[in-house]
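Have a look at the structure below before the remarks.
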Amino acid sequence: MDRILRINMGAKGGPEVREETPGSYEGLGGRALTSAIISAEVPPLCHPLGGDNKLVIAPGLLSGTIAAMSGRLSVGCKSPLTGGIKEANAGGQAAQVLARLGYRAIVLEGKPETDVPCEIHINKDGVRIEKDESLRMLGNYELVERMKERHGDRIACISIGPAGEMKMAAASVACTDMELRPTRHAGRGGVGAVMGAKGVKVIVLDDTGMGMREPKD
């Protein structure tokens, strides 16, 4: 997990993807990392659904290993529900897959010019972002079924339903479980509304070809 993936959804000409080392965030993961990035990088008086807010998605430091109970995923932002720094977390497979892909965090930045929902696909070969009007207002279960048809059943999904698209202040972010059901929710603070404000409907993670993370001394 030596990379932070930043995706600027509001960049001119379409989403801009860049990778960077953890830098000053070295040694942090999960809730510590999401809250540290929000504290350092998000203006405290910004609108939670505006371009200055960020949505940070981070696995724990032991995610992607054989360690028990290591599959929690932290989602952080300035909350549209409380106005403060918020962290919500969920189980499921997303944290494990994201860590095996080598990412310490995904940071969604900016605000898109249009409201066409986007699919972000991440695998060992890189990141692909596609606008897809057909995903609009799909529920999480129907959305995941469509992702399985497109990408097979060796994936994990992080997604929002209609509430997130409508930027409702209590909207959650769903993560798929081992049976690829979107049953695990980061449900606090309206993190789903911020994901919707970034124009992201679903993040598809595919760790095919990646091995289990090995421990280090």
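Brief remarks follow.
- Bridge type composition, the chain - antiparallel percent by DSSP, nearest 5: 75 percent
- The alpha carbons of the stretch 168-217 stretch over 42, 27, 20 Å along the principal axes, in descending order.
- The three principal axes of the Cα atoms in the stretch 1-129 give end-to-end lengths of 41, 33, 27 Å, sorted in falling order.
- Structure-based [θ]222 nm, the chain - -39500 (n - 2.57) summed over DSSP H runs of at least 4, per residue, nearest 500: -5500 deg cm²/dmol
- The heavy atoms of Arg146 offer some 60 square angstrom of accessible surface to a 1.4 angstrom probe.
- Per residue, the convex hull volume that the Cα atoms of the stretch 127-209 enclose (Å³): 91 Å³
- Only alpha carbons enter this Debye calculation for the stretch 132-176, each as an equal point scatterer, and the log10 of I(q)/I(0) it gives at q = 0.28 Å⁻¹ is -1.05.
- Nonlocal Lys pairs with alpha-carbon distance under 12 Å, the chain (8 or more apart, or different chains): 10
- Solvent exposure of the chain amounts to 45 Å² per residue of accessible area, where only protein heavy atoms count and the probe is 1.4 Å.
- Choice from Lys124, Lys78, Lys201 with maximal GNM fluctuation in the chain (Cα, 10 Å cutoff): Lys124
- The stretch 68-217 - Debye-derived log10 I(q)/I(0), Cα point model, q = 0.12 Å⁻¹: -0.45
The values are calculated or read from the model by the stated rules, or taken from the named source; none is laboratory data. Because the structure is a prediction, the values reported are computed rather than measured. Only protein heavy atoms, including side chains, enter the accessible area calculation; ligands, DNA and RNA are left aside. Shrake-Rupley method; radii C 1.70, N 1.55, O 1.52, S 1.80 Å.
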